[in-house]
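These notes concern the structure reproduced below.
The values are calculated or read from the model by the stated rules, or taken from the named source; none is laboratory data. Everything quoted here is computed from the prediction, not taken from an experiment. Virtual Cβ from ideal backbone geometry, glycine too; neighbours counted across all protein chains shown. What goes into the accessible areas is simple: the full protein's heavy atoms, side chains included, and nothing from ligands, DNA or RNA. Shrake-Rupley method; radii C 1.70, N 1.55, O 1.52, S 1.80 Å.
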Amino acid sequence: MHRPLLAALMLIASGALPAQLPTLPEAFGRGIPGAGGVAAGNDLFRVEVPTEHYPDAICADGSPVALYVRAARSEASRNHWIIYLQGGGSCNSAEQCHARWRGRDGNFGANKLSSHFAPERGIAAGGILSPDARNPFADWNHAFLYYCSSDGWAGTVRDQVAESEAAGSPVRYRIHFLGASIVDAVIDRLRGGIGVVAYEGPGGQHRALPDLDDARTVLLSGSSAGASGVRTHADRLGEFLHAGRSGCPGPACPL
């Protein structure tokens, strides 16, 4: 389920092992967010994708993945899903990624390289993710994947070594491009790979998501870099979900 890395950085010869080099925040201090942030709210709710189970489900700076969900609101929609990949461009060199971290790439910033800027509990959602009754998908299960890999959701590489100028001196640092690995981890999480996905909704009530393997409809969607992720993953995920659907393996499955 691996895909090639789109964001290729210059490899730097160094005596230090890649894992011993500083991460983005260790090398350059706290990042500066840019456009494309998400607002805190009560439309979708954050659930864990624990790194002890999914070690490659980490952002470019090494922070854990942020996943936001909402369970279907009716029995008729129980087995219908929207999985949304957030967008936010990409960085394709050591200098570009450093500039993005420092909020100097002209648009996006460190919020596309780290989950530290993602709301801790829940987010507001609009459009295809809106809970508003005018949205024809409002009653479906929703999963929003926060974008923090800056690789178009295509990377499978961790501890990439890079070198950039900081205060006039070259600084070697390490960065992860694990967008494809994040998608794989989230899909496994939604399939109940480590147990039922549950969250606490407004008013403190506890909700659980159905198992993705029971799905009859899965709409993979996204915008900008998220749309690139859709193109990268749609066919393979379709085949994978068809093969794994409960009680219905193979191409004849009604998924």
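Is one or more of the residues making up region 155-171 assigned to a loop (DSSP other than H, G, I, E, B), within 21 Å of P64 (Cα to Cα), without any contact (Cβ under 8 Å) to a residue 60 or more places away in the chain and touching a Pro at 6+ places or on another chain (Cβ under 9 Å)?
Within region 155-171, not a single residue is assigned to a loop (DSSP other than H, G, I, E, B), within 21 Å of P64 (Cα to Cα), without any contact (Cβ under 8 Å) to a residue 60 or more places away in the chain and touching a Pro at 6+ places or on another chain (Cβ under 9 Å).
Exactly one of these conditions fails for A7: (1) open to solvent by less than 10 Å² (accessible area, probe 1.4 Å); (2) modelled with pLDDT of 95 or more. Give me its number.
It fails just one condition, (2).
D188: open to solvent by 60 Å² or more (accessible area, probe 1.4 Å) and assigned to a helix (DSSP H, G or I), yes or no?
no
Here is a yes/no grid of residues against (1) free of Cβ contacts under 8 Å to residues at least 40 places away in the same chain; (2) more than 14 Å from I175 (Cα to Cα):
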residue: H98; (1), (2): no, no
residue: W101; (1), (2): no, no
residue: G109; (1), (2): no, yes
residue: F117; (1), (2): no, yes
residue: A125; (1), (2): no, yes
residue: S130; (1), (2): no, yes
residue: R134; (1), (2): yes, yes
residue: W140; (1), (2): no, yes
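Need the failing condition index for D235 against (1) surrounded by 13 or more Cβ atoms within 10 Å (Cβ to Cβ); (2) on the phi < 0 side of the Ramachandran plot, just the number.
Here D235 meets the rest and fails (1).
What number of residues within region 147-165 satisfy the criterion of being open to solvent by 10 Å² or more (accessible area, probe 1.4 Å) and in contact with a Lys or Arg (Cβ under 9 Å, 6 or more places away or on another chain)?
6
Consider N141 carefully, then state whether it is under 28 Å from D214 (Cβ atoms), open to solvent by less than 10 Å² (accessible area, probe 1.4 Å) and polar (S, T, N, Q).
Yes; evaluated as a whole, the condition is true for this residue.
Under the condition of being of a type in the set (S, T, N, Q) and farther than 21 Å from R121 by Cα, which residue from region 15-71 is modelled with the highest pLDDT?
Ranking the candidates gives T23 first.
Here are G127, G103, G109, G87: which of them is surrounded by fewer than 22 Cβ atoms within 10 Å (Cβ to Cβ) and under 17 Å from the mean Cα position of the chain (by Cα)?
Checking each option against the conditions leaves just G87.
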